[in-house]
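One structure is given below, encoded as structure tokens.
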Amino acid sequence: MTSHVAVRAAGSPALSVWSRLIEAMLDAVWLVDARTLRVVAANRAAATLMARDVRELLGRGVLELAATPEDLCFWGEVADGLAETIESDTLVRGADGATVAVTRRVERVAGDDGTALYVVVLHDRSAQLRAERALDDSVADLRATLESTLDGILVTDLAGRIRHFNQRFAQLWKMPAELLERRDDDAVHAWMRRSAAGGERVAHDAAALDAALPPSERELLRLDGGIVLERVTTPQRMHGQPIGRVHVFRDITAQLEANQRIQVLSYTDALTGLPNRRLLADRVEGALAMARRDGTPFALLFLNLDRFSHINETLGSAFGDRVLLDVAERIKACVRQVDTVARLGGDEFVVLVHQTDEQGAEAAARRVLAALDRPFTHGDMSFTVTASLGLALHPNDGATLDELLRRSDAAMRDAKRAGRAGFRFHRPRATPTTGPARSRLQLDHAMRLALAQGRFRLHYQPQVDLHSGRVVGAEALIRWRDPELGDIAPGEFIPVAEESGFIVALGDWVLGRAVNQAAAWLAAGLRLTVSVNVSALQFQQPGFVEGVTATLRGAGLPPQWLELELTESCLIHDAPDAMQRLHALAQLGVKLAIDDFGTGYSSLAYLKRFPIGRLKIDRSFVAGLPGEDSDAAIVQAILHLGRALQLQVVAEGVETEAQRAFLQQAGCDLYQGYLYAPALNVAAFERCLGVDATARGDLGPLPRP
């Protein structure tokens, strides 16, 4: 026995030779006695494989080491002399009872002395089996991954033969199971060609779907039934060499439909289906390009329904939507196919009239108005809807969509002011030459800064008693000088403040400053009623009366020294609420006056019930006195009305002695205007009163406490 091999029958020279040979082998080897089927020699590799000492293997029967029924049969046949050579995969049992997978080769050999042995070579397959199981697991994972994806996957070799596919691929292409089971590549490819709508690519902008797609072959296919597939084909490589191609098919039908819906929604009005402002802008850009190329003119018609809010308020918004749909259909029916009818929102529509001049634009406007003249009918209800149209022509009225819209909108508003149910062309308006034109946006922003930074000031215009010549009051008038815009007249910024709602904050500031000044004068011995203008929006604010009360209390001014001047529109709008507020102010002790009387709409039925103390004749009626008979008649009528209602009457804008004399003779109570003094800052106002009281005896001494 060598140092490495245990030999059961050491006396046999043949066995000793075989023992030395098997020790040199890398695989595990047994020498088995052919007669007894017992191990007579084993090498160290066999001991390692079976986790046994070599000596433990000697003398053991091979049936003890077998681990499968097949082995028992095999060695039984060997014992009967029926089998001499075999090579197969099997299992052997180790010392701990664990089995080891091996590839076994058995060969019968015979020595010169007649000894018969079986040489059993066992190659350990454990690592191979582990690798195979890992590979099987990887393949199973890959298969599960491929089957779980929503994309169809087809793998082909370089010749186009199908190597792999998943079930999603079969579902997308609606392939019969028997076709796939046959593994007939030609039949599968033929099915795909027939299903892909003639093999033609889908006419869609693929770049819009995925701009970040990596370089690869990509196309869109429309299958029978309307399904759209996106196919991306990329090379398949192994060890840097191409071995085939991977085709990924994705159903993007829903995505394309969603994109189309988004496209439609982004360019059309949701209610009427007409082009919206965005699509109108595209169409106008096309018209502008044509005009630049060949000078072709075009026109914009801006249409706004008259009093449409009444329909929504009385019949509901759903009914109003049906009316808008009818209006849209009528407008479309009366314009040419080349023209565009768009809805900007609400009850505003725009018609782009291509290749037309002023005469053609007017004809289009008249067709639209005629279409709307026909009665509208919903159910058993018939009614009329009219519209006001504004027309702007390119290039005279603007070179961009914004300019044309702005000017056609302005023309539409002119049509509204002219009585509605008609049209007007845009006509340039004369702009003041005394200073730069200011946009409403610029003024609104500057006003807010000015109030925050204390740039507004109050001036006061004296109010004079026509009978005594005494100064008995002062009207507070706001003034604004901006460091960048310069002097800005109230007639310029007050309308902007009213439109934006800023007039509320501005009016509160005026009220507070004027009340504080009246309190200061009263404390100094000047008994002057200070008049403050109140805008309609400010008057309608919740808590207005409470705000006036708090302002008076904060300044310590008795209410009788404050007069609030309101326009007729303040009183007529929501007259019951106005009545309640006026009575609350009158109970507080505040004086009330109607400003610019005669320029608005007054109801005598309301006027006699309002707790008003004064009427102020607008300066437009005073300007023609005494020569204009109509102005004189109007002023006298107002004075008669004032006396009948026991109201004081104040004339504004008195600039000449003749005007003052006429008013005094006609029985007017007070006047104010440049004849006596313009609106003055506080210091100048006080100097005016002091100089006047000293130099002009007809005014008499100033009233004192």
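The values are calculated or read from the model by the stated rules, or taken from the named source; none is laboratory data. Predicted model only: the values in this text are computed from it and were never measured. Reconstructed Cβ throughout: ideal geometry from the backbone, glycine too, with neighbour counts over all protein chains shown. These accessible areas exclude ligands, DNA and RNA; they are computed on the full protein's heavy atoms, side chains included. Shrake-Rupley method; radii C 1.70, N 1.55, O 1.52, S 1.80 Å.
A single entry from 271, 324, 280, 300 fulfils the requirement of being hydrophobic (A, V, I, L, M, F, W, C) and open to solvent by 50 Å² or more (accessible area, probe 1.4 Å): 271. Among the residues of this structure, residue 620 does not count as one that is assigned to a helix (DSSP H, G or I) and at pLDDT below 75.
Looking only at residues of the range 160-192 that are at pLDDT below 85 and either assigned to a loop (DSSP other than H, G, I, E, B) or closer than 13 Å to residue 224 by Cα (or both), we find that the one that is most open to solvent (accessible area, probe 1.4 Å) is 183. Considering the conditions (1) surrounded by 15 or more Cβ atoms within 10 Å (Cβ to Cβ); (2) more than 15 Å from residue 507 (Cβ to Cβ); (3) of a type outside the set (Val, Ile, Thr); (4) under 39 Å from the mean Cα position of the chain (by Cα), residue 461 is excluded by exactly one of them, (4). The single condition from (1) modelled with pLDDT under 50; (2) part of a loop (DSSP other than H, G, I, E, B) that residue 207 fails is (2).
Kindly check whether there is at least one residue in the range 266-277 that is modelled with pLDDT under 85 and not hydrophobic (A, V, I, L, M, F, W, C). Yes: one or more hits. One residue is enough: does the range 345-358 have a residue meeting the conditions touching a Phe, Trp or Tyr at 6+ places or on another chain (Cβ under 7 Å) and on the phi > 0 side of the Ramachandran plot? Among the residues of the range 345-358, at least one is touching a Phe, Trp or Tyr at 6+ places or on another chain (Cβ under 7 Å) and on the phi > 0 side of the Ramachandran plot, which makes the answer yes.
Looking only at the range 92-146, residues that are of a type in the set (Val, Ile, Thr) and assigned to a helix (DSSP H, G or I) come to 2 in all.
Conditions tested, residue by residue: (1) within 20 Å of residue 44 (Cβ to Cβ); (2) surrounded by 14 or more Cβ atoms within 10 Å (Cβ to Cβ); (3) at pLDDT 80 or above.
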{"position": "78", "(1), (2), (3)": "no, yes, no"}
{"position": "81", "(1), (2), (3)": "no, no, no"}
{"position": "96", "(1), (2), (3)": "yes, no, no"}
{"position": "102", "(1), (2), (3)": "yes, yes, yes"}
{"position": "111", "(1), (2), (3)": "no, yes, no"}
{"position": "118", "(1), (2), (3)": "yes, yes, yes"}
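Among the residues that make up the range 503-519, is at least one of them out of contact with any strand residue (DSSP E or B) (no Cβ under 6 Å at 6 or more places or on another chain), modelled with pLDDT of 90 or more and among the acidic types (Asp, Glu)? Taking every residue of the range 503-519 in turn, at least one turns out to be out of contact with any strand residue (DSSP E or B) (no Cβ under 6 Å at 6 or more places or on another chain), modelled with pLDDT of 90 or more and among the acidic types (Asp, Glu). The sole residue among 231, 222, 237, 250 that is closer than 28 Å to residue 146 by Cα, open to solvent by 40 Å² or more (accessible area, probe 1.4 Å), in contact with a helix residue (DSSP H, G or I) (Cβ under 7 Å, 6 or more places away or on another chain) and modelled with pLDDT under 90 is 222. Do we find a residue being free of Cβ contacts under 8 Å to residues at least 24 places away in the same chain and assigned to a helix (DSSP H, G or I) anywhere in the range 468-488? No: zero hits. Considered as a group, the residues in the range 373-388 that are within 21 Å of residue 322 (Cβ to Cβ) and surrounded by 21 or more Cβ atoms within 10 Å (Cβ to Cβ) include one that is modelled with the lowest pLDDT, and that residue is 385.
Of the residues making up the range 253-263, those that are open to solvent by 30 Å² or more (accessible area, probe 1.4 Å) and either in contact with a Cys (Cβ under 9 Å, 6 or more places away or on another chain) or touching a residue at least 40 places away in the same chain (Cβ under 8 Å) (or both) number 2. Put simply, of 91, 63 the only residue that is modelled with pLDDT of 80 or more and under 15 Å from residue 32 (Cβ atoms) is 63.
The residues of the range 493-525 that are touching a Pro at 6+ places or on another chain (Cβ under 9 Å) and open to solvent by 30 Å² or more (accessible area, probe 1.4 Å) amount to a single one, 522. Whenever a residue of the range 659-673 is within 17 Å of residue 646 (Cα to Cα) and free of Cβ contacts under 8 Å to residues at least 40 places away in the same chain, its partners that are among the polar types (S, T, N, Q) and in a helix (DSSP H, G or I), lying with C-beta atoms within less than 6 angstrom and at least six residues away or across chains, give the pairs 666/636.
Yes or no, residue by residue, for (1) buried (at least 20 other Cβ atoms within 10 Å of the Cβ); (2) touching a residue at least 40 places away in the same chain (Cβ under 8 Å):
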| site | (1), (2) |
| --- | --- |
| 32 | yes, yes |
| 51 | no, yes |
| 64 | no, no |
| 88 | no, no |
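The residues of the range 660-685 that are open to solvent by less than 10 Å² (accessible area, probe 1.4 Å) and not in a loop (DSSP other than H, G, I, E, B), listed by number, are 663, 670, 685.
Filtered by the rule that a residue be part of a helix (DSSP H, G or I) and in contact with a Phe, Trp or Tyr (Cβ under 8 Å, 6 or more places away or on another chain), the range 632-658 gives 632, 634, 635, 638. Test residue 633 against the criterion of being more than 56 Å from the chain's Cα centre (by Cα), at pLDDT 90 or above and not charged (D, E, K, R), and give yes or no. Taking the combined requirement at face value, the residue satisfies it. Only residues that are over 56 Å from the mean Cα position of the chain (by Cα) and surrounded by fewer than 21 Cβ atoms within 10 Å (Cβ to Cβ) were counted across the range 648-659, and they come to 5.
The numbered conditions (1) among the basic types (Lys, Arg); (2) open to solvent by 60 Å² or more (accessible area, probe 1.4 Å); (3) not in a helix (DSSP H, G or I) are all true for residue 366 except (3). Any residue at all in the range 399-416 that's open to solvent by less than 10 Å² (accessible area, probe 1.4 Å) and not in a helix (DSSP H, G or I)? The answer is no, given that none of the residues of the range 399-416 is open to solvent by less than 10 Å² (accessible area, probe 1.4 Å) and not in a helix (DSSP H, G or I).
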